[in-house]
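Below you'll find the structure, written out as structure tokens, and then a few comments.
The values are calculated or read from the model by the stated rules, or taken from the named source; none is laboratory data. These figures come from a predicted structure and were not determined experimentally. Because the Cβ atoms are built from the backbone with ideal geometry, glycine has one as well, and the counts that use them run over all protein chains shown.
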Amino acid sequence: MILNLTQHAATPDQKLAGVVDLPENERKILEGLLTFSSLPTNSKMFATACEIASFAKKYEVFQALIGGAPWFMSMLETVLLSFQVQPLYSFSIRESAEKVNPDGSVVKSNVFRHVGFIEVKPRSYYRSPSHWPVTIDVENRRVHPKAQEALAAYRAKKAAEKEKDL
């Protein structure tokens with residue numbers, strides 16, 4: 001079970017993937033916690049993150065769907081991880097559709113479809129070079145040759161796309 005700790009109700013696709021919403025009364029409390037009406041201090045964010053994480057402990061879950069103000073998510077991630085709860089972000093794709101009205105105007109609509117989760121790992125996970133997506137020689141400030149090749153190929157592709165658009 002993945003507990004939904006966002007301000008939004010889980011979508012049907014998310015529910016199929018195991019996301020469960022809080023009961024309505026607790027969801028209202030969560031919405032209030034996730035809404036900051038003034039500039040919060042670090043101690044206020046920490047206390048709020050602890051209150052939110054307490055929902056995960058109450059329902060004895062090991063994973064929680066999170067989302068909201070980017071400046072608060074890092075704190076919430078850290079507190080959830082300290083509670084032994086893995087934070088998850090929803091990954092969705094945007095499907096756009098355009099409809100031409102009889103008067104010639106165009107209405108564009110976007111539908112976001114849930115396709116999976118992004119798992120947040122503890123900071124310590126990234127201390128081991130075996131988990132790094134590229135190898136970096138920190139002492140000499142050099143990137144592994146394979147990473148340099150990948151970066152060069154990416155830049156060449158982007159340059160070709162830009163030139164094609166001109």
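Quick look at the values:
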{"item": "Residues within region 1-29 that are assigned to a helix (DSSP H, G or I), among the charged types (D, E, K, R) and under 18 Å from the mean Cα position of the chain (by Cα), tallied", "result": "2"}
{"item": "One residue from Arg94, Arg113 being in contact (Cβ under 8 Å) with a residue 60 or more places away in the chain, of a type in the set (D, E, K, R) and in the same structural domain as Asp13 (by TED's automatic domain parsing)", "result": "Arg113"}
{"item": "Complete set of residues in region 140-160 that are modelled with pLDDT under 70 and either hydrophobic (A, V, I, L, M, F, W, C) or in the same structural domain as Thr11 (by TED's automatic domain parsing) (or both)", "result": "Val143, Ala147, Ala150, Leu151"}
{"item": "Residue match in region 81-90 (condition: part of a helix (DSSP H, G or I) and farther than 23 Å from Phe112 by Cα)", "result": "yes"}
{"item": "Output for region 85-110, where each listed residue is surrounded by 10 or more Cβ atoms within 10 Å (Cβ to Cβ) and either at pLDDT 95 or above or of a type outside the set (A, V, I, L, M, F, W, C) (or both)", "result": "Val85, Gln86, Pro87, Leu88, Tyr89, Ser90, Ser92, Glu95"}
{"item": "Filter result for the condition that a residue is of a type in the set (Gly, Ala, Ser), touching a Ser or Thr at 6+ places or on another chain (Cβ under 8 Å) and either under 18 Å from Gln7 (Cα atoms) or not in a strand (DSSP E or B) (or both), over Gly32, Gly68", "result": "Gly68"}
{"item": "Selection within region 30-47 - of a type in the set (A, V, I, L, M) and under 19 Å from the mean Cα position of the chain (by Cα)", "result": "Leu30, Leu33, Leu34, Met45"}
{"item": "Checking Asp103 against (1) within 21 Å of Pro23 (Cβ to Cβ); (2) not small (Gly, Ala, Ser); (3) not in a strand (DSSP E or B), the condition it does not meet", "result": "(1)"}
{"item": "Residue list for region 17-51, restricted to those being at pLDDT 95 or above, hydrophobic (A, V, I, L, M, F, W, C) and closer than 23 Å to His114 by Cα", "result": "Val19, Val20, Leu22, Leu30, Leu34"}
{"item": "Near pairs, Cβ below 8 angstrom, 6+ apart or cross-chain, from region 26-39 (assigned by TED's automatic domain parsing to the domain that holds Glu51 and closer than 14 Å to Phe72 by Cβ) to any residue that is surrounded by 12 or more Cβ atoms within 10 Å (Cβ to Cβ) and aliphatic (A, V, I, L, M)", "result": "Leu30/Leu5; Leu30/Leu22; Leu30/Ile52; Leu33/Ile52; Leu34/Ile52; Leu34/Ala69; Phe36/Ala69"}
